[in-house]
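Peer 1: Let me begin by handing over the structure; questions about it come next.
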Amino acid sequence: MVTTMMTRMTTKPLELNPMELVKLMHLCSVSLPVGAYSFSQGMEYAIDAGWVKSTDQVHDWIECQLLFNLGRVDLPLLARCMAALKQNDIAQLQQWNDYLIACRETRELRMTDLAMGEALKRLLPTLGVAPVFTKPEPVSFVTLFAVACSEWKISTPAACLGFAWAWLENQVAAATKLVPLGQTQAQTLVARLQTTVPEAVDLSTTVHDEQLGSCLPGLAMASALHETQYSRLFRS
């Protein structure tokens, strides 16, 4: 049975063997063909509407999502998916997958998750990862990220850190195009947000089942309004 709260993970130094680290870097690479670069996850509308105008405001937008979205939805559910896989409990994995999809508050956020999930689903068999789900059903990108990490013996703390880091890089890349930011500004922003990544992972370990879910109405509004934005660089 999956526990209602995961064990605190980042208080101890991570130990990764070379192949575990290489596999994690592969899975988190910006060149992984899952289409993450196609989605701004609400940021494009926030910038177009003037909610986010500067590097500091981009920092606050991303930091808020790391702590109150990834830290309370994606990361704790990634850990739960990996726990279910460790126990070979596919029914439990399916439950958490369905919960993940239900947590997407707008059509755009749902499409982002499922489109990336579908791309990763096609990719994993070519990398030696056997399918877990036998029926053609919607699968969250988070769920399949957990499947890959479990197959490659990547620890849960490392998987959560890698997932959060890959998400952060994609958000900064989107901001670089949209604000726009210079390359130096973008790298400074990444450096400022680095400490928030392990903080979000630590936060995710304190979230009980009944506390799963985010409450970011501004993000939901930006994502929904992005669907009818006059001119867009990113998919909706």
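What follows is calculated from the coordinates using simple rules that are stated; it is not laboratory data. All figures in this text were calculated on a predicted structure; none of them were measured in a lab. Because the Cβ atoms are built from the backbone with ideal geometry, glycine has one as well, and the counts that use them run over all protein chains shown.
Peer 1: Could you check the simple spin-label distance between Val22 and Asp60, using points 7 Å along Cα→Cβ, in nm with one decimal?
Peer 2: Result for the modelled spin labels: 4.5 nm.
Peer 1: Remind me, what semi-axes does segment 110-157 give for its equivalent ellipsoid, largest first in whole Å, using sqrt of 5 times each Cα gyration tensor eigenvalue?
Peer 2: Working: eigenvalues 60, 33, 16 Å².
Over the Cα atoms of segment 110-157, the semi-axes work out to 17, 13, 9 Å.
Peer 1: If I model a spin label at Gln87 and Ser155 as a point 7 Å from the Cα along the Cα→Cβ vector, what separation in nanometres do I get?
Peer 2: 2.2
Peer 1: Out of Asn17, Asn69, Asn97, any idea which swings most in a Gaussian network model of the chain, alpha carbons joined below 10 Å?
Peer 2: Asn17
Peer 1: Segment 30-99: which trypsin sites (Lys or Arg not before Pro) are DSSP loop and have at most 15 other beta-carbon atoms within 10 angstrom?
Peer 2: Numbers: sites: Lys53, Arg72, Arg80, Lys86; in loops: Lys53.
Counting only loop positions with at most 15 other Cβ atoms within 10 Å, the trypsin sites (Lys or Arg not before Pro) in segment 30-99 are Lys53.
Peer 1: Calculate, axis by axis, the spread of Cα positions in the chain along the three principal axes, and write the results as whole Å, longest axis first.
Peer 2: 47, 39, 37
Peer 1: Here is a follow-up. Using helices alone, I'd like the mean residue ellipticity at 222 nm for the chain: each DSSP H run of four-plus residues gives -39500 (n - 2.57), total over residue count, nearest 500. Don't jump to the answer; show the numbers that get you there.
Peer 2: On the way: 11 runs with 134 residues, N = 236.
For the chain, the value works out to -17500 deg cm²/dmol.
Peer 1: For Ser38, what charge total do you get from the other residues with a beta carbon under 14 Å from its beta carbon, if Lys and Arg give +1 and Asp and Glu give -1? Working shown, then result.
Peer 2: Working: positive: Lys177, Arg232, Arg235; negative: Glu44, Glu108, Asp113, Glu118.
Net local charge, Ser38 excluded: -1.
Peer 1: At R0 = 35 Å, how high is the FRET efficiency between Lys53 and Ser31 if r is their beta carbon distance? Nearest 0.05 is fine. Intermediate results must be reported in sequence, preceding the final value.
Peer 2: Numbers: r = 30 Å, r/R0 = 0.87.
It comes out at approximately 0.70.
Peer 1: Further, regarding this structure: Along the charge dipole of the chain, pointing to its positive end and built from +1/-1 on Cβ of Lys, Arg, Asp and Glu, which listed residue (Trp61, Pro131, Thr112) has its Cα farthest out?
Peer 2: With unit charges placed on the Cβ atoms, the residue in question is Pro131.
Peer 1: Filter the trypsin sites (Lys or Arg not before Pro) in segment 138-236 to those in DSSP coil with at most 16 other Cβ atoms within 10 Å of their Cβ, and list the result.
Peer 2: Details: sites: Lys153, Lys177, Arg192, Arg232, Arg235; in loops: Lys153, Arg232, Arg235.
Passing both the DSSP loop test and the Cβ count: Lys153, Arg232, Arg235.
Peer 1: Determine the gain in length on full extension of the stretch Arg232-Gln211; use 0.36 nm per residue of separation and subtract their C-alpha separation, reporting nm with one decimal. Mind showing how you got there, number by number?
Peer 2: Details: separation 21, 0.36 × 21 = 7.56 nm, distance 3.44 nm.
My answer for the length gained is 4.1 nm.
Peer 1: Oh, and also: Where does the charge balance sit around Val132 when Lys and Arg score +1, Asp and Glu -1, over other residues with C-beta under 15 Å from its C-beta?
Peer 2: Numbers: positive: Arg80, Lys86, Lys121, Arg122, Lys135; negative: Asp89, Asp98, Glu118, Glu137, Glu151.
Spelling it out: positives minus negatives among the neighbours equals 0.
Peer 1: A further question follows. In the neighborhood of Cys215, defined by Cβ-to-Cβ distances under 13 Å, what is the net charge if each Lys or Arg adds +1 and each Asp or Glu adds -1? Intermediate values should be presented prior to the final figure.
Peer 2: Numbers: positive: Arg72; negative: Glu105.
For residues surrounding Cys215, the net value is 0.
Peer 1: Still on this model: Return a single number: how many Lys pairs in the chain, at a sequence separation of 8 or more or on separate chains, have alpha-carbon atoms below 26 angstrom apart.
Peer 2: Within the chain, the lysine pair count is 13.
Peer 1: Sort out the exposed loop GluC sites (Glu not before Pro) in the chain (DSSP loop, at most 13 other Cβ within 10 Å) and tell me the longest stretch that has none.
Peer 2: Longest run free of exposed loop sites: 16-226.
Peer 1: Between Gln187 and Glu137, what length comes free when the chain is fully extended (0.36 nm per residue of separation minus the Cα-Cα distance, one decimal in nm)? Each step should come with its number before you reach the end.
Peer 2: Numbers: separation 50, 0.36 × 50 = 18.00 nm, distance 3.84 nm.
The span from Gln187 to Glu137 would gain 14.2 nm if fully extended.
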